[in-house]
Amino acid sequence: MDRVPEGWTLVDYEGRRYGLRRTSRASGRSVSVVAEQLGGSDLVSTNVYRTAGGDLLRPCEMPAATVLAFLRGWTPTEG
């Protein structure tokens, strides 16, 4: 999660382009991440709550594995 920059970023994932947006709230204790495929219909969305006991991933209507694969696999778009 830490490698996702605040704000909007153009990224690649599995050969497709996405607009990746991170929004932090409550001094960074609540983080929303949304990735929308550009020119397509794919969407990856989650909230992360950073607690004293660790990060709690709360995907939005999709399996956690889908979100984790995206978060591990995206790369910044060149140019």
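The values are calculated or read from the model by the stated rules, or taken from the named source; none is laboratory data. On a predicted model such as this, the values are computed, not experimentally measured, just so you know. No Cβ is skipped: glycine too gets one built from the backbone with ideal geometry, and neighbour counts run over all protein chains shown. The protein model used for the area step is the full one, side chains on, heavy atoms only, and it has no ligands, DNA or RNA in it. Shrake-Rupley method; radii C 1.70, N 1.55, O 1.52, S 1.80 Å.
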### Query
Within the range 15-34, is there a residue that is touching a residue at least 24 places away in the same chain (Cβ under 8 Å), part of a loop (DSSP other than H, G, I, E, B) and not charged (D, E, K, R)?
no
#### Entry: Identity of the residue in the range 1-14, assigned to a strand (DSSP E or B) and of a type outside the set (A, V, I, L, M), that ends up most open to solvent (accessible area, probe 1.4 Å)
TRP8
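Residues of the range 67-79 being open to solvent by 40 Å² or more (accessible area, probe 1.4 Å) and either touching a strand residue (DSSP E or B) at 6+ places or on another chain (Cβ under 9 Å) or at pLDDT 95 or above (or both), which ones? Lay out the reasoning, then the answer.
Our first condition is that a residue be open to solvent by 40 Å² or more (accessible area, probe 1.4 Å); within the range 67-79, this holds for 68-69, 72, 75-76, 78-79.
Scanning the range 67-79 gives LEU68, ALA69, ARG72, THR75, PRO76, GLU78.
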#### Entry: Filter result (under 19 Å from GLU6 (Cα atoms) and among the acidic types (Asp, Glu)) within the range 21-79
GLU36, ASP55, GLU78
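So, of the residues in the range 61-79 that are part of a loop (DSSP other than H, G, I, E, B) and among the hydrophobic types (A, V, I, L, M, F, W, C), which turns out to be farthest from ARG17 (Cα to Cα)?
Taking the candidates together, the pick is MET62.
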### Task
Determine, yes or no, whether ARG58 is assigned to a strand (DSSP E or B) and more than 9 Å from the chain's Cα centre (by Cα).
yes
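Being more than 19 Å from ALA64 (Cβ to Cβ) and surrounded by 13 or more Cβ atoms within 10 Å (Cβ to Cβ) is the filter here; which residues of the range 17-28 pass it? I'd like the intermediate steps shown before the answer.
Our first condition is that a residue be more than 19 Å from ALA64 (Cβ to Cβ); within the range 17-28, this holds for 17, 19, 21, 23-28.
ARG17, GLY19, ARG21, THR23, SER24, listed by residue number.
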### Residues of the range 33-66 satisfying the condition of being open to solvent by 80 Å² or more (accessible area, probe 1.4 Å) and among the charged types (D, E, K, R)
GLU36, ASP55, ARG58, GLU61
